Amino acid sequence: MDRGEILSLYAWATGTCFRCAKTGTPTILLAEITPPAGDHYEVRVCERCVLELEDERRRYAERTGREYKPGRLGRCEP
């Protein structure tokens, strides 16, 4: 699967990437955090960081003999 196909698996919105701090860029929602104080935060990731994280997931799947399925960042599965 090429980069464009992987990126097309996600829903994008303008935001700030928590990994590289790039602002005003297309991002995906990776997680939502609500600390005890009650504030709500979105953890978002930009295109470049999505591809880096997907590559890390792919390498992890290869090392552990698991099936790699792109498009699952933010889910509780490898």
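Values in this text are rule-based calculations from the coordinates and carry no lab data. On a predicted model such as this, the values are computed, not experimentally measured, just so you know. With ideal geometry, Cβ positions are generated from the backbone for all residues, glycine too; neighbour counts draw on all protein chains shown.
So what's the angle, to the nearest 10 degrees on a 0 to 90 scale, between helix 47-64 and the longest Cα principal axis of the chain?
40
Grab the DSSP H runs of the chain that are 4 residues or longer, score each as -39,500 (n - 2.57), total them, divide by all residues and round the 222 nm result to the nearest 500 deg cm²/dmol.
Working: 2 runs with 23 residues, N = 78.
Taking each H run of at least 4 residues, the total per residue is -9000 deg cm²/dmol.
Of all the C-alpha pairs in the stretch 18-58, what % are more than 17 Å from each other?
Numbers: 311 of 820 pairs.
Roughly 38 percent, rounded to a whole number.
With r defined as the distance between the Cβ atoms of ARG66 and MET1 and R0 fixed at 22 Å, what FRET efficiency is calculated, to the nearest 0.05?
Working: r = 16 Å, r/R0 = 0.74.
The pair ARG66/MET1 has a calculated efficiency of 0.85.
Subtracting the Cα-Cα distance from 0.36 nm times the residue separation, let me have the gained length for ALA11 to ARG58 in nm, one decimal. If you can, show how the numbers build up before the last one.
Numbers: separation 47, 0.36 × 47 = 16.92 nm, distance 2.03 nm.
Difference between extended and current length: 14.9 nm.
Taking +1 at the Cβ of each Lys and Arg and -1 at the Cβ of each Asp and Glu, which of VAL43, PRO26, LEU53 sits farthest along the dipole of the stretch 3-64 towards its positive end, judged by Cα position relative to the Cα centre?
LEU53
If I take R0 = 25 Å and measure r between the Cβ atoms of ARG75 and ASP39 in this structure, what FRET efficiency does the formula 1/(1 + (r/R0)^6) give, to the nearest 0.05?
On the way: r = 24 Å, r/R0 = 0.96.
Using R0 = 25 Å, I get an efficiency of 0.55.
Measuring from the lowest to the highest alpha carbon on each principal axis, how far does the stretch 38-78 reach, largest first, in angstroms?
Per principal axis, max minus min of the Cα coordinates gives 40, 22, 14 Å.
Can you divide the C-alpha Rg of the chain by 2.2 N^0.38 Å and report the result to two decimal places?
On the way: Rg = 13.5 Å, N = 78, 2.2 N^0.38 = 11.5 Å.
For the chain, the normalised Cα radius of gyration comes out at 1.17.
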